[in-house]
Amino acid sequence: MAGNSRNIAVLGLGSFGGSIAEELASFGDHVLGIDINESRVGNWSDVLSEAIIADARDERALREAGIADYDAVVVALADSLEGSILAVMAVQSLEIEHICAKAANDTHARILERLGVHQVVHPEREYGSHIAHTLHNPAVRSYARLSDDLYLAQICITDIHDGDTIESLKLDQRFDLSCVGRISGGKRTDYKPEKPLIPGDTLLVIGSRENIHQFVSEL
């Protein structure tokens, strides 16, 4: 395996778990997929490093699969609150360094957090938020939450700022935003604050949701 590859297990090979497992495999990671459904395991057996039929809630089964030696485990069993909690507890008993778990709702997320899960994700809510922002203002091409009140947005420059520069926009002073990159012609370009912007360029900015909204309201 490549020097930077990791050993990661994905418990639950539905659409969420399967997509994560496939992406990790494309990075060159050693990915073990586990699901109690035989057909799901069969679908992923040729894509992942390993795919086995087992009950992810069973500590003994996980231990026999060698998960105790893995760098991280993804618990993708959000369809069943009980199953998700039992799987997390089984994984915790193996003292895994990093546990990521999918939450179906806020209550589920709070339970996972109290159990000590390192990374709790709300894929449906986060993707819904992304779609809402791009629909509300077409200048927002992409939108992602980095923390409770910190967001990364890809914002398209319109005719109103044709010829302006990143420097002249004064994003830091006027909106408390940080510009971390610029994309022009579909490719990331050298960050030059004094270089004139053209319509269609996009800026990668980081800041609070309110400040990002304030900036895009001018576009």
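Where a number appears in this text, it was derived from the coordinates with a stated rule and is not lab data. Everything numeric in this text was worked out from a predicted model, so none of it was measured. Because the Cβ atoms are built from the backbone with ideal geometry, glycine has one as well, and the counts that use them run over all protein chains shown.
Worth pointing out:
- In the stretch 171-219, GluC sites (Glu not before Pro) in a DSSP loop with at most 16 other beta-carbon atoms within 10 Å: Glu194, Glu218
- Charge dipole of the stretch 7-121 (Cα centre as origin; +1 on each Lys and Arg Cβ, -1 on each Asp and Glu Cβ, all else neutral): 320 debye, rounded to the nearest 20.
- Rounded to whole Hz, the Karplus (6.51, -1.76, 1.60) HN-Hα couplings of the stretch 196-207, x for glycine and proline: x, 8, 10, x, x, 5, 10, 10, 9, 10, 10, x
- Surrounding net charge for Glu97, when Lys and Arg each add one and Asp and Glu each subtract one, Cβ distance under 11 Å: -2
- Dipole-positive endmost among Ile131, Ser15, Ile96 within the chain (Cβ charges, Cα centre): Ile131
- Local net charge near Ala68, Cβ-Cβ under 13 Å (Lys/Arg +1, Asp/Glu -1): -4
- Base-10 log of normalised Debye intensity for the chain (one unit scatterer per alpha-carbon) at q = 0.08, 0.10, 0.11, 0.12 Å⁻¹: -0.40, -0.59, -0.68, -0.76
- Each Lys and Arg adds +1 at its Cβ and each Asp and Glu adds -1 at its Cβ; summed about the Cα centre, the stretch 21-65 shows a dipole of about 120 debye.
- Cα convex hull, the stretch 7-121: 84 Å³ per residue, rounded to a whole number.
- Across His161, His130, His122, mean-square fluctuation computed from a Gaussian network of the chain (C-alpha pairs under 10 Å connected) peaks at His161.
- About its Cα centre, the chain has a charge dipole of approximately 380 debye under the convention of +1 per Lys or Arg Cβ and -1 per Asp or Glu Cβ, with nothing else charged.
- For Thr165, net neighbour charge (Lys/Arg +1, Asp/Glu -1) across residues whose Cβ lies under 12 Å away: -1
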